[in-house]
């Protein structure tokens, strides 16, 4: 086995381990929410955004979609398929945009990617709730909380990766 093959196998093992770790964090953080007037704020969107900014689109889909699906399955199964599709697409798109964006301005690229992801999150859950609860009015009642959750997840996810150094730690881990 060549040195290049060993290194790429090691990198893939590290990425798989981080994907599993982020997925577990997503599941754990979807189990409880911070009470806000009229609802709850779930913190798993922060993990989904951060993981999507670091991982490739497939691994990001696993963290976002499958992690949210499993969290809902365990704690509140009604929206589990909405979570699978919405967070899966959100994470894959954020990852894709972050990787294809301007490498000269990573904070802007990450912010735009996370913003698009927040929009996907808001639209996906609004449509999903209208379908699950059979009325658009029910979905509209939750819309302010969905916007708050998506924005908090996007902003804190970007801050965690860019400003608090998670990206540099991730890159250092892979290039050792």
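Using a Gaussian network model on the chain with a 10 Å cutoff between Cα atoms, which of 37, 103, 57 fluctuates the most?
Taking springs between Cα atoms under 10 Å, the residue moving most is 37.
Which of these, 97, 141, 34, has the largest mean-square fluctuation under a Gaussian network model of the chain (Cα springs below 10 Å)?
34
For the chain, set up a Gaussian network in which alpha carbons nearer than 10 Å are linked by springs, and say which option among 113, 134, 154 fluctuates the most.
Highest fluctuation of the listed residues: 134.
Arrange the following residues from fewest to most other Cβ atoms within 10 Å of their Cβ: 131, 170, 22.
Values: 131 14, 170 19, 22 24.
Fewest to most other Cβ atoms nearby, the residues stand as 131, 170, 22.
Round to a whole angstrom and tell me the spacing of the C-alpha centers of the range 95-138 and the range 40-82.
Answer, in whole Å: 13.
Where does the chain land at 222 nm, in deg cm²/dmol rounded to the nearest 500, when only DSSP H runs of n ≥ 4 count, each adding -39500 (n - 2.57), divided by all residues? Present the calculation step by step, with values, prior to reporting the outcome.
On the way: 8 runs with 132 residues, N = 176.
Mean residue ellipticity at 222 nm (helix-derived): -25000 deg cm²/dmol.
Compute the relative contact order of the chain as a whole-number percentage, counting only Cα pairs closer than 8 Å that sit 6 or more residues apart in sequence. Let's see the in-between values first.
Details: 265 pairs, mean separation 40.2, N = 176.
So the answer I get is 23 percent.
Rounded to two decimal places and with Rh computed the Kirkwood way over Cα pairs, what is Rg over Rh for the chain? Walk me through the numbers on the way to the answer.
Details: Rg = 16.5 Å, Rh = 16.3 Å.
Radius of gyration over Kirkwood radius for the chain works out to 1.01.
Counting other beta carbons within 10 Å of each Cβ, put 12, 129 in order, fewest first. Can you show the working numbers first?
Numbers: 12 11, 129 22.
Ascending Cβ contact count within 10 Å gives the list 12, 129.
What's the extension gain from residue 14 to residue 133 if we count 0.36 nm per residue and subtract their Cα-Cα distance?
Details: separation 119, 0.36 × 119 = 42.84 nm, distance 4.07 nm.
Contour length minus the Cα-Cα distance gives 38.8 nm.
No value in this document is a laboratory result; all are computed from the given coordinates. The shown structure was predicted, so the numbers you read here are calculated from the model rather than taken from an experiment. Cβ sites come from the backbone with ideal geometry, for glycine too, and all protein chains shown count toward neighbours.
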